[in-house]
1. Give the ranking of Trp498, Trp272 by solvent-accessible surface, highest area first, calculated with a 1.4 Å probe.
2. Full-extension gain between Asp356 and Ser230, please, as 0.36 nm times their residue separation minus the C-alpha to C-alpha distance.
3. Any chance you could run the full-extension gain for Phe122 through Ser279? It's 0.36 nm times the residue separation minus the Cα-Cα distance, nm to one decimal.
4. Suppose R0 equals 22 Å; then what is the FRET efficiency for Phe452 and Gln485 from their Cβ-Cβ distance, rounded to the nearest 0.05?
5. Report the trypsin sites (Lys or Arg not before Pro) located in segment 380-413 that are in a DSSP loop and have at most 15 other Cβ atoms inside 10 Å of their Cβ, or state none.
6. Give me, ordered by chain and number, the residues 5 or more places off Asn590 or on other chains with an amide H under 5 Å from its own placed amide H.
7. Under a plain spin-label model, where a point goes 7 Å from the Cα along Cα-to-Cβ, how far apart in nm are Ala432 and Ser587?
8. For Thr308 and Leu336, what does the FRET efficiency come to when R0 = 30 Å and r is the distance between their Cβ atoms, rounded to the nearest 0.05?
Amino acid sequence: MSLYWDIVYRLFDDIRQRFDTLRNEYSFINPTMGALVMVAGGWLATELGVLKNLFDFGFLQFVVYAMLWAILGGLPGYALFAMRNYNPQLGLRIGIVTGIGIGAALASVNNLSVSQIVSHAFVMAVVLSLVSFLRPDGTYRGQRPYGQRAADLLPVLVPGLLLLAAAGVLLGAWSILYDVGLITDGKLTTVEYDASNYTQFLDFVPLQTVLYLVLWAIIGGLPGFYIFYSRNHNPRVGGRMGLLTGVGLGVLFSGADSLQAQDIFDIALFLWLWAIVLSLFIPRGNHAETTSIRQRIADLAYGLLLPTFLVVIGIVVVPMLWNVLFAFRPIRLRTLQDVELLSLQDLTTDNFNHPDRGIFHSRKGPFSIWGAIGLSWDEVARFWKLLWVSLVYTFSGSILAIFMGLVAALIVKDRFPGRSVFRGILLFPYIAPIVAVTFIWQQMLDGTTVGFINQLLLDTEEFLNTDLALNVNLLDRRISYLREQEWALRSVIFFQGWRYFPFAFLFILARIQAIPDELYEAAKVDGAAPSQRLMFITLPQLRAVFGTLFLLRFIWTFNKFEDIFLLNGGAGDTEVVPIQIYEWLFSRQNVGASSAVALVMAAVLFLLVGIYFRWFLVEED
């Protein structure tokens with residue numbers, strides 16, 4: 001008989017050794033087998049009716065119940081084995097098996113409440129703690145490297161965080177099941193999906209389907225990438241596995257009725273929390289030791305850039321694509337809430353070339369800008385007029401701001417009493433609130449009796465209130481500098497230069513102070529005049545700064561809306577393209593036309609910036 005048991009023992013020991021060898025070669029065997037055992041146990045327990053007295057639920061309810069007991073048993077097992085210097089991963093497995101076993105034993109109790117479950121779990125943890133003191137300390141930490149010991153002790157130091165994560169997973173699962181209709185009257189109910197439910201997925205328009213699948217691919221791919229990276233496995237493989245998992249879940253949940261954005265967010269949150277918990281059961285790999293340093297740096301770069309990349313896509317790229325789509329659709333503001341954002345069924349070019357409401361044909365009429373220089377067209381679409389005004393305003397305002405910044409920087413580059421205070425005063429136009437400065441300029445340039453400029457130039461003696469002033473009147477009438485066509489554009493350009501020259505001033509001053517003094521001293525020795533030092537030393541050193549400033553100011557000024565809108569509302573032929581977008585959207589309530597104007601504006605800006613980078617970019621040596 002002893003020979004028989006010896007043969008049986010050797011047989012089982014050989015099977016165990018073979019399984020351990022297979023598990024070491026393929027590190028995912030352990031969690032996979034655990035998941036299969038839980039699934040099989042859940043199905044068997046459901047079929048045998050073990051849990052019928054507890055919840056009278058089905059298979060899904062057993063999985064949640066088993067997860068709870070696995071966490072309640074696994075955490076103290078892990079902590080106790082780590083504190084007694086044994087393998088904590090072995091303690092985690094023993095605790096999980098013990099917890100599930102206790103949960104199955106308590107399943108026959110009728111009306112078992114949550115507080116009773118917590119009480120039994122607490123008693124179980126106390127008993128395990130007492131039993132652990134009956135055994136001597138192990139030698140596990142002495143046999144493991146320091147890094148592995150620190151990694152094993154980390155969950156012991158933060159068990160509260162693990163409990164919160166587990167609670168979040170359970171609460172998230174409960175919330176999701178309630179939202180999608182798997183919970184009714186406080187009980188879980190099994191919902192059998194009919195194949196006809198998935199026709200809802202096929203009813204999506206192509207663009208909507210693509211974005212829906214991309215969203216689910218991101219929901220699945222992100223945790224896959226980061227979990228594999230944290231467990232020292234190939235993060236790209238994890239990203240692909242998570243991507244396929246996310247797309248599969250997206251197709252699965254497309255069969256649920258009334259799936260809202262909040263439901264998708266809840267599902268994503270639950271999946272990420274559940275992935276964090278599952279990552280504790282994935283053994284560490286050796287990806288970092290088997291790949292090149294270049295590959296490891298690339299993986300780290302992807303991990304650091306992915307969140308920023310996704311944020312940029314969400315808040316920049318997606319709205320831009322929607323704007324392009326709206327530009328080719330007849331959308332009104334009053335019907336915007338009923339519009340399918342991703343529909344391609346009503347595409348049209350009427351927003352551009354319709355005889356009445358197209359932006360290229362709307363409100364034709366005579367156009368004259370700066371009549372003093374003789375530029376006049378008899379018949380032109382209003383949009384081209386606005387585009388020309390925008391280019392003149394942008395180019396002139398940018399050049400003026402840079403020129404004023406250069407003059408200010410040259411004034412304060414040398415030391416003089418009060419230089420620091422004067423530098424601070426120069427920043428006032430840029431830091432002052434736009435509403436305040438536009439109101440001040442309106443009062444200064446007003447054409448009535450309150451206008452400061454008119455009062456100064458129309459009656460100098462009366463304005464200065466002195467008999468010593470010369471009785472010189474520079475104007476013969478009051479001028480509305482922000483309303484009259486001859487002066488309005490000049491006024492807003494000068495305001496643009498005054499408002500933003502401090503920005504150029506800071507850049508230019510910083511570059512001037514970096515020019516070596518030896519260059520100026522050598523030029524003085526050679527007899528160079530101050531104007532020559534400016535032309536042949538200072539300005540060449542500022543070429544790259546001028547290029548960068550012009551590019552930034554051009555882009556920002558071309559997109560500026562509030563300056564002219566607050567100054568005069570576009571009166572006196574000073575209306576620019578951003579104001580036209582505002583008018584199409586809010587005055588005419590035409591979303592499609594406003595999107596079309598914005599699309600053409602973006603195309604013109606990209607074209608001009610591309611020309612600059614191709615032929616006019618100046619790089620510093």
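1. Trp272, Trp498
2. 39.3 nm
3. 54.0 nm
4. Once the sixth-power term is evaluated, E becomes 0.50.
5. Passing sites in segment 380-413 are Lys413.
6. Answer set, sorted by chain and number: Leu333, Leu585.
7. Placing both labels 7 Å along Cα→Cβ, they lie 2.8 nm apart.
8. Working from the Cβ atoms, E equals 0.50.
The values are calculated or read from the model by the stated rules, or taken from the named source; none is laboratory data. Quantities reported herein were computed from a predicted structural model and do not represent experimental measurements. In this analysis, Cβ positions are derived from the backbone assuming ideal geometry, glycine residues included, and neighbour counts consider all displayed protein chains. Just so you know, the surface numbers come from the protein's heavy atoms only, side chains and all, with ligands and any DNA or RNA stripped out. Shrake-Rupley method; radii C 1.70, N 1.55, O 1.52, S 1.80 Å.
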